[in-house]
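Here the structure comes first, spelled out in structure tokens, and everything after it is commentary.
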Amino acid sequence: MNLVLTGFMGTGKTTVGRLVAEQLGRPFVDMDALIEQRAGLNIPAIFATRGEAAFRRMERELCHELAARDGLVIATGGGALIDPVNRALMIGSGVVICLEASPDVLLARLQMQQDRPLLDGSALPERIHALLKTRRAAYAALPYHLDTSALTPRQTMEEILALWQKLTAST
């Protein structure tokens, strides 16, 4: 079974995913980093030169590939599981936990980052709210949620590991 961390950008998927993988002794896969590596471009460059649709195709192919594997800790991109096929694939491959944070916390975490193509830098609070609104239903369809707003990465890791142990104890 895989352990998949998803959710909006800035919720801690990559940072916490690395910690969780280390604790579980499992390989860690950051989907965005793997897409960048395979494309030979960073995500802003993929968006700029190939477009968002091409990026989403790469993401979809990677979801198929990773869902066929076992024993991974996976950090998805923030929009990867908006696609219902991707969401079903990942839910079918293991435990999917949606990390969340309040809009104010997301703003504080994301305001200094320049590598987020969907946050064009202008009107950042409004852009975060708009994206959260469009993704709300998809995120709500995920089985498990953890609010990271007031948690450190280590505390988030501990919460995830506790949920993982509870869910896998019966299998």
Residue that is surrounded by the most Cβ atoms within 10 Å (Cβ to Cβ) [pool: residues in the stretch 74-83 that are of a type in the set (Val, Ile, Thr) and within 19 Å of GLU52 (Cα to Cα)]: THR76
Failed criterion for LEU66 (all others in (1) at pLDDT 95 or above; (2) exposed (fewer than 14 other Cβ atoms within 10 Å of the Cβ); (3) in contact with a Leu (Cβ under 9 Å, 6 or more places away or on another chain); (4) not small (Gly, Ala, Ser) hold): (2)
Residue selected from the stretch 96-110 under the condition surrounded by 19 or more Cβ atoms within 10 Å (Cβ to Cβ) and of a type in the set (Val, Ile, Thr), by the criterion nearest to LEU3 (Cα to Cα): VAL96
Residue pairs meeting the criteria (Cβ under 7 Å; at least 6 apart or on separate chains; first in a loop (DSSP other than H, G, I, E, B), in the stretch 142-157; second loosely packed, with under 14 Cβ neighbours inside 10 Å): SER149/SER102
Hey, ILE46 outside any loop (DSSP other than H, G, I, E, B), surrounded by 14 or more Cβ atoms within 10 Å (Cβ to Cβ) and touching an Asp or Glu at 6+ places or on another chain (Cβ under 9 Å) or not: yes
Test for GLY71: is it buried (at least 16 other Cβ atoms within 10 Å of the Cβ), in contact (Cβ under 8 Å) with a residue 60 or more places away in the chain and assigned to a loop (DSSP other than H, G, I, E, B): no
Matching residues, the stretch 146-171, being of a type in the set (Gly, Ala, Ser) and within 17 Å of the chain's Cα centre (by Cα): SER149
Selection from the stretch 123-141 of residues that are among the small types (Gly, Ala, Ser), part of a helix (DSSP H, G or I), surrounded by 11 or more Cβ atoms within 10 Å (Cβ to Cβ) and at pLDDT 90 or above: ALA138
Filter pass, GLU52 being over 28 Å from LEU151 (Cβ atoms) and at pLDDT below 95: yes
Matching residues in the stretch 1-32 - criterion: being over 25 Å from ALA169 (Cα atoms), of a type in the set (A, V, I, L, M, F, W, C) and at pLDDT 95 or above: MET31
Breaking point among (1) loosely packed, with under 14 Cβ neighbours inside 10 Å; (2) in contact with a strand residue (DSSP E or B) (Cβ under 7 Å, 6 or more places away or on another chain); (3) acidic (Asp, Glu), for GLU61: (2)
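The values are calculated or read from the model by the stated rules, or taken from the named source; none is laboratory data. Bear in mind that the values here come from a model prediction, so they are computed numbers and not experimental data. Cβ atoms come from the backbone with ideal geometry, glycine included; neighbour counts cover every protein chain shown.
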